[in-house]
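Let me begin by presenting the structure, written as structure tokens, before commenting on it.
The values are calculated or read from the model by the stated rules, or taken from the named source; none is laboratory data. Treat the numbers as computed from the prediction; the structure is a model and nothing was measured. All Cβ positions, even for glycine, are placed from backbone atoms using ideal geometry, and neighbour counts span all protein chains on display. Side chains included, ligands, DNA and RNA excluded: accessible areas come from the protein's heavy atoms. Shrake-Rupley method; radii C 1.70, N 1.55, O 1.52, S 1.80 Å.
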Amino acid sequence: MKSKRIALLGVLTTLSIIMFLIESLFPPLIIPGAKLGLGNIFVMLTLIYLDLPSGIVLVLAKCLISAMFGGFSALIYSLPAGLCSLFACYFLLKLKSKISIIAISAPLGTLHNLVQNVVFCLVTKSIKVLLYAPYLALLGVLCGVFTGFVTFLLVNKFSLILINKFKINEIQEDESGTI
Amino acid sequence: MENSFKKPFKKLDILVYILLLVIVVLLFLFAGLEKEENVGGCEIYIDNRLIAILNFSEKSVDVEDEYKNVVLVSGDIIEINSSYGYNKIVVDYNNKTVKVTEADCGFSKECKHMDFDRGIIICAPHKLVIKSLIKSDIVIIK
């Protein structure tokens, strides 16, 4: 069953890279540095259908390959932000019985933007960068809610397709991971 | 798939949203709406090295000698041609503000949308940083 996991991870990673490329074509959303964060959709999907190591692979692969397109200097910003929101998502998902997907996704957007802002501040050694933080945080919440809603729709429709057509529930059951 | 994801809204959601609202409000209180009153000029850095200082009241641009080939000044327009890339900065001496109008960095060109009122403009791929200075700072530099 491991091949199914790898294939699914490959698809999710590719989709998140494509999403990143599409997003970078948009002008900045009102505030510089604020992105729609659609890539977070795939982070959440990976943590829901697969596991944490797969999530780490997704974030690393996405950041590295995106850097090949957009410039390696972007890595100092995208890696910390991506990994922070990945781990935050992992811990928030443990509370999934009490919080809905949308409420899990909202802080992810904020965290991603704020971490990027902090890295900017450290790189330029200038505290003034933090003046953008409140607007980034607010936009992060709004975008997080939006991506959360999309993920919610995907999880509820996608699951049925995955289970019926591709019998992907076998991924969840097979914990030993043998091929 | 598990039933935990079926509902878009659960009771504890409100707690999460309130927490986020508190964070946003706190950030706004600390950082939000200040606009520098005493802007006197600005500094231009590339890769954290100071390459030029602008003085709004004296309408002067002071370029460090070693970087004179990187910075081209023509009237209100400053063009920067570093090894990292090209940026065009337009200075408005009367309104005491600067703006990046052209840049050849990547797709989204975020530097063009940054607001000098926040105190700083950054073009990350070009390691270009423009920081605003208050009037008293300029006097000390001279």
task: Give the carbon-plus-sulfur fraction of the accessible surface of the protein assembly as shown in %, rounded to a whole number; probe 1.4 Å, heavy atoms of protein chains only.
output: 67 percent
message: At 1.4 Å probe size, what's the solvent-accessible area of B:Leu15? Round to the nearest 10 Å².
response: 110 Å²
message: Between A:Leu64 and B:Leu15, how high is the FRET efficiency from 1/(1 + (r/R0)^6) when r is the Cβ-Cβ distance and R₀ = 45 Å? Nearest 0.05.
response: 0.80
task: Could you tell me which of the pairs A:Lys62/B:Lys11; A:Lys128/B:Lys96; A:Lys35/A:Lys96; A:Lys62/B:Lys6; B:Lys68/B:Lys109; A:Lys2/A:Lys35 are separated by over 23 angstrom between their Cα atoms in the structure shown?
output: A:Lys62/B:Lys11; A:Lys35/A:Lys96; A:Lys62/B:Lys6; B:Lys68/B:Lys109; A:Lys2/A:Lys35
- request: Give the long-range amide H neighbours of B:Gly41: residues separated by 5 or more places, or on another chain, with amide H under 5 Å away, using H modelled in the peptide plane at 1.01 Å from N.
  value: B:Phe56, B:Leu133
message: Suppose accessible area is computed on protein heavy atoms with a 1.4 Å probe; arrange A:Phe158, A:Phe69 from highest to lowest.
response: A:Phe69, A:Phe158
task: For every helix of n ≥ 4 consecutive DSSP H residues, a contribution of -39,500 (n - 2.57) applies; sum these over the protein assembly as shown, divide by its total residues, and give [θ] at 222 nm rounded to the nearest 500 deg cm²/dmol.
output: -16500 deg cm²/dmol
- prompt: For chain B, how big is the tail of P(r) above 21 Å, as a whole percent of Cα pairs?
  reply: 53 percent
task: Classify region A:1-102 as rounded, prolate or oblate from the Cα gyration tensor: take a ≥ b ≥ c as the square roots of its eigenvalues, call it rounded if a/c is under 1.5, otherwise prolate when a/b beats b/c and oblate if not.
output: oblate
Rotationally averaged projected area of the protein assembly as shown (alpha carbon convex hull; nm²): 17.6 nm²
message: Give me the extension gain from B:Lys6 to B:Phe30: residue separation times 0.36 nm, minus the current Cα-Cα distance, reported in nm with one decimal.
response: 4.8 nm
task: Give me the accessible area buried between chains A and B, both sides summed, with a 1.4 Å probe, in Å² rounded to the nearest 100.
output: 3800 Å²
